[in-house]
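One structure below.
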Amino acid sequence: MQFIRSNILPPLLNHLAALFTVFILTVILRELQIVLSIQIIVLLYLLPVIISTTLWGLTPGALAGFTAFLAFNYFFIPPYFKLAVHKTEDLITLVIFFIVAIVLSQMIGQARDGLKLAKSREWEATRMYEFISALSGLQENNSIARTIAEHVSEVLQIDQVEIYIDKQNSDSASILRIPEKKVYINGSHYIRFPMMTVRALEGEIRLWHGHEVLTPIEQRLFETFSSQGALAIERTRLAKAENRAKLLEESDQMKTTLLSSVSHELRSPLATIKASISSLHSGAVNWDSNARNELLAVIEEETDHLNYLVGNLLDMSRIEAGALKPKREWNILAEILDGVLKKMSKTIEKHHITMDIPNNLPLVPTDYVQMEQVFTNLISNSVKYAPENTLISIVAHVPDHTTLIVKVINQGPKVPEESLSRIFEKFFRITAAERITGTGLGLSICKGIIEAHRGKIWAENLANGFSFNFSLPLTLDGVLPHMPKENNDE
């Protein structure tokens with residue numbers, strides 16, 4: 001019954017409609033026969049042919065033309081009410097009418113079919129374009145599966161669609177179903193399209209629908225959906241594989257750099273500590289001599305160096321993990337610097353340090369310990385690269401009442417302009433790297449701390465040296481700092 005309703009009944013109704021148009025026109029022409037000439041009547045009988053072909057197709061139009069030919073002969077050609085012709089000119093008129101009707105129905109039918117095909121192709125191309133465009137920016141298998149399912153649902157009235165994505169490498173198999181609840185309706189037809197690439201089977205599209213067979217357009221669309229879906233899934237997997245390969249390569253490179261950089265830095269102080277302790281333990285050094293105090297001082301200094309090195313590594317790991325959360329409180333910048341210079345007294349003893357910090361400099365919202373580390377790393381870097389007995393200047397000023405600018409200026413060598421932005425990267429070293437000790441982490445730690453304070457750090461070459469600069473906001477939760485008041489003795 002369903003087959004009859006969907007495949008036989010519509011064409012039958014179209015042909016009956018064509019016959020009905022001829023009948024209606026015949027009734028009208030019979031009423032107007034007195035006032036119409038035979039030439040007008042024969043032309044009017046072409047109207048059912050045009051209407052039937054345009055609305056219902058080629059065969060209903062041909063049927064209308066043949067029926068119009070018989071009606072014209074039966075009702076309007078003498079002898080009336082007989083399918084016979086006595087005059088030669090009437091016979092010629094009928095033959096010409098029949099030929100014109102058939103040719104006209106053929107031409108209109110072909111034009112109608114061509115227009116229908118063009119619209120069908122346009123609709124098909126639009127669906128393909130929309131589908132490919134929707135897939136182009138997707139990077140997750142679940143998003144790809146949902147896009148495929150939604151477009152399949154738009155093309156065909158389905159009972160259910162399943163998108164199955166096969167397991168590949170580290171990705172597990174997955175199924176997306178629309179509607180989500182698993183239902184199989186009686187009378188639904190099952191069909192599946194494999195999503196295949198030249199490399200492997202990526203999955204398949206499974207359909208349950210009410211049509212016994214798919215139309216050629218639907219078949220082409222679903223084949224396109226399956227092939228393009230397979231390519232999209234393959235693209236995401238290749239992208240993930242490429243990212244994993246890049247991460248492994250970067251990880252191996254970082255490990256190699258870290259080992260080559262840290263191994264020497266760890267070995268030198270450990271060897272010094274070991275030698276000093278061995279000398280003290282051997283008894284060769286008198287406990288009351290100056291040599292003992294010197295060895296103990298060396299042990300303390302190298303231990304501090306080790307502590308500084310390990311601290312840098314730990315801080316770098318915290319920055320990489322995003323766990324560096326500064327505890328910002330109102331602090332006086334000069335007090336932070338005084339503490340740093342006292343701790344670094346031995347390190348900076350061969351350089352001249354000057355500070356240019358205004359007395360009315362406002363309080364700065366910073367993490368005291370982290371800001372100490374920033375100054376320690378910047379001054380330590382300046383000491384390493386600047387010649388002995390040169391000047392290291394620390395300058396601070398407030399240009400716009402909302403931002404603090406600090407400069408650590410030394411008389412060290414200049415850095416190539418193309419490398420100024422890279423010196424804050426991990427393990428990046430330029431000048432005299434083979435002669436200057438260090439891991440290449442100090443400046444990158446400074447960058448992480450300053451950015452965690454919502455500030456900015458940069459470097460620049462000066463006419464007679466080099467400068468590390470950083471800026472910090474002077475507001476804490478939208479509040480400006482309190483200005484220190486000067487005490488005036490009356």
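The values are calculated or read from the model by the stated rules, or taken from the named source; none is laboratory data. Computed from a predicted model, the values in this text were never measured in an experiment. Glycine gets a Cβ as well: all are built from the backbone with ideal geometry, and neighbour counts include every protein chain shown.
Could you identify the single residue in Thr21, Thr59 that is assigned by TED's automatic domain parsing to the domain that holds Leu104 and in contact with a Ser or Thr (Cβ under 8 Å, 6 or more places away or on another chain)?
When all the criteria are applied, what remains is Thr21.
Which one of Met371, Met355 is touching a helix residue (DSSP H, G or I) at 6+ places or on another chain (Cβ under 7 Å), under 30 Å from Leu480 (Cβ atoms), crowded, with 17+ Cβ neighbours inside 10 Å and modelled with pLDDT of 85 or more?
It is Met371.
Please go through the range 27-62 and give me each residue that is surrounded by fewer than 20 Cβ atoms within 10 Å (Cβ to Cβ) and of a type in the set (Ser, Thr, Tyr), ordered by number.
Residues satisfying the conditions are Ser37, Thr54, Thr59.
Could you list, in sequence order, the residues of the range 365-396 that are in contact with a Pro (Cβ under 7 Å, 6 or more places away or on another chain) and either more than 19 Å from Glu451 (Cα to Cα) or not assigned by TED's automatic domain parsing to the domain that holds Gly339 (or both)?
Tyr385 - this is the single residue of the range 365-396 that is in contact with a Pro (Cβ under 7 Å, 6 or more places away or on another chain) and either more than 19 Å from Glu451 (Cα to Cα) or not assigned by TED's automatic domain parsing to the domain that holds Gly339 (or both).
Does at least one position in the range 427-437 carry a residue that is closer than 30 Å to Asp477 by Cβ and either modelled with pLDDT of 90 or more or touching a helix residue (DSSP H, G or I) at 6+ places or on another chain (Cβ under 7 Å) (or both)?
No: the range 427-437 contains no residue that is closer than 30 Å to Asp477 by Cβ and either modelled with pLDDT of 90 or more or touching a helix residue (DSSP H, G or I) at 6+ places or on another chain (Cβ under 7 Å) (or both).
When the range 142-160 is examined, which residues are found to be closer than 19 Å to Glu223 by Cα and either in a helix (DSSP H, G or I) or modelled with pLDDT of 80 or more (or both)?
If the condition is that a residue be closer than 19 Å to Glu223 by Cα and either in a helix (DSSP H, G or I) or modelled with pLDDT of 80 or more (or both), then Ile144, Ala145, Arg146, Thr147, Ile148, Ala149, Glu150, His151, Val152, Ser153, Glu154, Val155 are the ones that fit.
Collect the residues in the range 386-419 that are touching a Phe, Trp or Tyr at 6+ places or on another chain (Cβ under 9 Å), in contact (Cβ under 8 Å) with a residue 60 or more places away in the chain and surrounded by fewer than 17 Cβ atoms within 10 Å (Cβ to Cβ), keeping them in residue-number order.
Across the range 386-419, the qualifying residue is only Ile405.
Filter the range 164-180 for residues that are closer than 19 Å to Ser226 by Cα and out of contact with any Gly (no Cβ under 7 Å at 6 or more places or on another chain); which is modelled with the lowest pLDDT?
Only one residue fits best here, namely Gln168.
Do you know which residues across the range 109-125 are among the polar types (S, T, N, Q) and out of contact with any helix residue (DSSP H, G or I) (no Cβ under 7 Å at 6 or more places or on another chain)?
Gln110
Taking the options Ile34, Ile92, Ile132, Ile50, name whichever one is more than 60 Å from the chain's Cα centre (by Cα) and in a helix (DSSP H, G or I).
Ile92
Looking only at the range 101-129, filter to residues that are under 36 Å from the mean Cα position of the chain (by Cα) and surrounded by 13 or more Cβ atoms within 10 Å (Cβ to Cβ); which one of those is farthest from Ser227 (Cα to Cα)?
It comes out as Ser120.
Can you tell me which condition Ile319 does not meet? The list is (1) modelled with pLDDT of 75 or more; (2) β-branched (Val, Ile, Thr); (3) surrounded by 17 or more Cβ atoms within 10 Å (Cβ to Cβ), and all the others hold.
(1)
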